[in-house]
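The next block holds one structure in the form of structure tokens; read it before the comments.
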Amino acid sequence: YVISDIHGCYKEYKVLLKKINFSDEDELFVLGDVVDRGPEPIKVLQDMMMRPNVYPILGNHEYMALTVLRKMTVEITEDNFDNHLEGADINAMLHWQSDGGNTTIQEFRKLSLEEKEEILVTALDYFTEEDIKTFIEVGEEEGTVEKGEKEMFNKVFKFIFFKFQIFDRSIKLSTLIR
């Protein structure tokens, strides 16, 4: 299965998984934009973290979240107070907030330090274009990806990255649920 633009809509995400009878034998590729805008982005991430058969692919909202949250979770000390945060970091945060990042920030702030680390290290450990190319190459070498499958993977992932580079739209979650 393939989905994108969940945008923190945990209840709708769970309804969708139930509607398709998503099981441990299935695979779900999430084409970015899991966080921001909706009311429960962290809850969506935590659910995805528990599922080894869910493969998230980095979207622009996750990229903004990672960029800002990694900077903002570092303790400011005498050694780094004058060079840790720069004007560009503050601008990145303001841009992210203006693009729906507030709900993610608010939920993230409620987490324990351990949960924050887990989100930054595990939940936001997304596939990149390089990861997917490596996946295909390793699969060919190991004989787990056949020629026809390689062509299919390449077409699908070229579309995915074309979508992220040219369009920032796809079928919305609410459309799939109806």
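The numbers here are math on the coordinates, done by the rules we state, and not lab data. Predicted model only: the values in this text are computed from it and were never measured. Positions of Cβ are backbone-derived with ideal geometry, glycine not excepted, and every protein chain shown enters the neighbour counts.
Odds and ends about this structure:
- Once the chain from GLU27 to GLU117 is taken as fully extended at 0.36 nm per residue, the excess over their C-alpha distance is 29.8 nm.
- Within region 19-69, the GluC sites (Glu not before Pro) that combine a DSSP coil assignment with at most 16 other C-beta atoms in a 10 angstrom radius are GLU25, GLU27.
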